[in-house]
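The block underneath contains the structure these notes are about, expressed in structure tokens.
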Amino acid sequence: MHNRLQDLRFALRQFRKAPGFTITAVLTLALGIGALTTVATSTDAVLYNPWPHVAAPRELRFIDATVLGNEGYSVHYDQYRLVRDSGRSWKDATAFEMDSVDLANPGAQPQAIAAGVVSQNYFQFLGIAPQNGRFFDPAANDRAYGANDEVVLSDALWRARFNADPSIVGRTLSINRHAFTVIGIAPKEFSGTYGGIAQAAWFPFSSLHDLTSDAPPDPLLHYGLQVAVRLHPGVSDRAAAAEVHTLARAFAAQHPADNLSRWDLNLRDSAHFQRGLFGMIGELLPILFGASLLLMALVCINIASLLAQHAARHRREVAIRVALGARPVRIAVQVLTETALLALAGACAGWAVSIGMARALLTLLPNFGFPVAFNLHTDARILLFVTAVAVAVTLICGTHPVRQSLRASQNDALHQGGASVTGVSRNKFGRRIFLGLQLGMCFMVLICCGLLARTAYNVASRATGFDSANCLTAGIDLSRSGYDEQRGLAFQSALLDRLQASPGVASVTLTSHLPMGDYGSGNTQGISIPAYVPAKGEDMEVVTDSDGPAFFHNMGIALEQGRDFDTGDTASAPGVAIINQSMARRYWPKGAALGSSLILDKRSWRIVGIVRDYAYADPSNTDPTPLLFLPLAQHYQSYVIVALRSRTTAAAVTAQLRQAVASLDTSLPVENVSTLKETAGMRYQMARIPAELLSVYAISSVLVAMLGLYAVMAYSVIERQREFALRMALGSTRAAVFQLVLTGSSWTALIGLVTGGLGSIAAVRLLRSMLFGVAPFDPLSYGAAAVLLLLTVFLSGLAPARRAASIQPMQALRTE
């Protein structure tokens, strides 16, 4: 114990004598350990423990549907029942969905909140206990509409809206202008299972009829659901997925009239859940994990180099201690103690860095108008992971300096003769290979970062086909406030008239879906075209939106032929429609779309306009999607988005919008107020996230590589100082010595370029699906990465080269 304490005190003294070395080593370790810990924290928050209070979260799997070859669609209730009742790979199943509801209570403004609509067994399935009150009765009938108009509040809503009043349990609240009884409060920090999006309350399926005024007799018949199952212990994902596909085929065979030939069910873990934000994070985790491993490898190499340089500077001291009787084991323990202290300090700093990086990761995510909920709390697994990394760093980085200290010649060290007169190190070539591999790792990360940066640029520079400037948007849901179709159409018409007459408003329209927006996108409906004979198995469903008068003019979407919707397209007028170019080319290849008709909902619609293709949902989507647009007055939608084009700025007409809505209905909340530029910006942000995250690792890798290269070259100069002194004594110039040192690093750079280029062949395979408008082996990305790597080598070698050139020959040779 005495020896260990003595080693600790000695190590601390050594660090105080070399603060530059200590700070550099600790910061280098903090970058590597912090990067790995951040990925571990994110993985834990998405895959291993995403929902606080949920029992055995790793057993949960999610089921979504494939419709017409596209994955990620919702599941209907009858399909959920088949999964729940017939599956053998899972213990139980539950279903849930997320929706917005209007909450109103006396003395407070109406508020739109994100709420979960769940099956009766939802909370029991998750193994959650209420902190107050009770949960829904799992034995109750999901289709007993109106029998259980109950609500469970989240802890966050309970505290923010009701001041954590325990007497709220048992009281009624006005939800969508209907009375709901509060029966319980969910535990603190539980916010639902919707992929990282926080829910403020939960309602049973049996309340669906009372949540909307225009609900059909059986709201669950076609209501889109997410399904979760809890796997039996020992059941693999492969076996469970195979059973899910089998059940899907059985359901399709039982319902031949539903045309389910291209329909299927898919099993997902939480990192690949198709709703919320977990899927987005899960897609990035393998890339970030690979980048962090490369960065950690760089860190270990650099720490070993720094320790080797540190040991070289104390070679005489070690030789004196050995000459005075110190055993080699004591020297080895002393060096490992120094390494362990550095690893411990780096682990603590890395833990702090990882907390900041994990939280910064959330700020990069797009804001979809819902609060985000990620479980980023300290976890025992992550603490063990950081400890294991610190121990591994100690063993890996401490091996080389220990061997170096033990193999040093006492006579050479005492005479400052660790290198020969010619300065050629025995392992010079091996060291150069080792450093070249380090630069190769850095080169791989730079290439991947360049490819993703080019992708983000290509997405951002692609024409969208609409004008997002000076346009304010906001959502209004009339069904939640009890409006039927007749009253809803009257409200929408009156709102348009009031806004059009408001000062500062250039134009205004309504729509069910904004360009590049998330709300209302992808709603498909089956059509038939009298003059078109579909091929065998061809689906006749197209994405269908409802729009107000002058929608395309207001959005800046160009009309190729025909006209825009106008105020004459009323409910009593003949049905009219507008299609995009892709739909016209698909169903009317000879160009006779304008004036033709199609059948939808057993009604004939005459095509009066054709608009250019534009970025409907995503600017990086190159697959031409047929789009059908119908007048809002003829194809009523209770949830609409108001789009106001301002004469000045979008923010200048916010007050006019709220005043116009309040003048028609004071209890109607205005939701998701934002600009069209912000709405479109969320899609661009999704394209930038991979590049932004990987750029953090790329910058860290470059910094670490520079530190490592500097340490190795500085160490080399120390070894070769007698060689440089002898060269200058024999007539060599300082410029020649300066060039000699830099030229030596060029071979290292060449090895880095070759090894990194070969390694990138495998690395870019992970990125192939994320690239847009750029080839996996893009010359510009490779060239820019190579230039940056060479610049890194040059800058790292400047200081050691200047030090070598400033050696005084007589002083260096006199040390013998």
By the gyration tensor of its Cα atoms, with a ≥ b ≥ c the square roots of the eigenvalues, what is the shape of the stretch 596-642: rounded for a/c under 1.5, prolate for a/b over b/c, or oblate?
-> oblate
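Which value results when the Cα radius of gyration for the chain is divided by 2.2 N^0.38 Å?
Expressed relative to 2.2 N^0.38 Å, the Cα Rg reads 1.19.
At R0 = 25 Å, how high is the FRET efficiency between A164 and V372 if r is their beta carbon distance? Nearest 0.05 is fine.
Working: r = 22 Å, r/R0 = 0.90.
Between A164 and V372 the formula returns 0.65.
For the chain, calculate the relative contact order in percent as a whole number, restricting contacts to Cα pairs under 8 Å that are 6 or more residues apart.
Values: 1453 pairs, mean separation 136.4, N = 816.
Value for the chain: 17 percent.
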Computed FRET efficiency, Cβ-Cβ of I761 and L293, R0 25 Å: what is it to the nearest 0.05?
-> 0.90
Rough spin-label spacing in nm, given labels placed 7 Å along Cα→Cβ, for D467 and H245 = 5.1
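Using a/c under 1.5 as the rounded threshold, could you call the stretch 145-292 rounded, prolate or oblate? The axes a ≥ b ≥ c are square roots of the C-alpha gyration tensor eigenvalues, and prolate needs a/b larger than b/c, oblate otherwise. Let's see the in-between values first.
Numbers: a/c = 2.51, a/b = 1.31, b/c = 1.92.
Oblate is the answer for the stretch 145-292, as a/c is 1.5 or above yet b/c matches or exceeds a/b.
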Excluding A651 itself, calculate the net charge of residues whose Cβ lies under 15 Å from the Cβ of A651, where each Lys or Arg counts +1 and each Asp or Glu counts -1.
-> +3
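For the chain, what does the accessible surface come to per residue with a 1.4 Å probe? Please give it in Å². Write out the running numbers ahead of the final one.
Working: 35170 Å² over 816 residues.
Using a 1.4 Å probe on heavy atoms only, each residue of the chain averages 43 Å².
Note the full-extension length gain between N458 and R88 as 0.36 nm times their separation in residues minus their Cα-Cα distance, in nm to one decimal. Provide the component values of the computation, followed by the final result.
Details: separation 370, 0.36 × 370 = 133.20 nm, distance 4.72 nm.
Contour length minus the Cα-Cα distance gives 128.5 nm.
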Which order do the peptides 137-144, 550-557 take when ranked by the mean count of other beta-carbon atoms within 10 Å per residue, highest first?
-> 550-557, 137-144
At A775 and D618, where each label point lies 7 Å from the Cα along Cα→Cβ, what is the point-to-point distance in nanometres?
-> 2.4
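Can you give the FRET efficiency to the nearest 0.05 for R171 and R487, using r as the Cβ-Cβ distance and R₀ = 22 Å? Could you put the intermediate results ahead of the total?
Working: r = 29 Å, r/R0 = 1.34.
Here the calculated transfer efficiency is 0.15.
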Of the heavy-atom accessible surface of the chain (probe 1.4 angstrom), what whole percent is carbon and sulfur?
-> 59
With each label point set 7 Å from Cα along the Cα-Cβ vector, what nm distance links S667 and Q500?
-> 3.0
Under 19 Å from the Cα of K602 - lysines, other chains or at least 8 residues apart = none
Pulled fully out, how much extra length does the chain show between H232 and E283, if you take 0.36 nm times their separation in residues and subtract their Cα-Cα distance?
-> 15.7 nm
When the helices in the chain are scored as -39500 (n - 2.57) per DSSP H run of 4 or longer and the sum is shared across all residues, what 222 nm value do you end up with, to the nearest 500 deg cm²/dmol?
-> -16000 deg cm²/dmol
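The values are calculated or read from the model by the stated rules, or taken from the named source; none is laboratory data. What you are looking at is a predicted structure, and each value in this text was computed from that prediction instead of being measured. Using ideal geometry, Cβ is built from the backbone for each residue, glycine included, and neighbour counts are taken over all protein chains shown. Accessible surface is based on the protein model in full, side chains and every heavy atom, while ligands, DNA and RNA are left aside. Shrake-Rupley method; radii C 1.70, N 1.55, O 1.52, S 1.80 Å.
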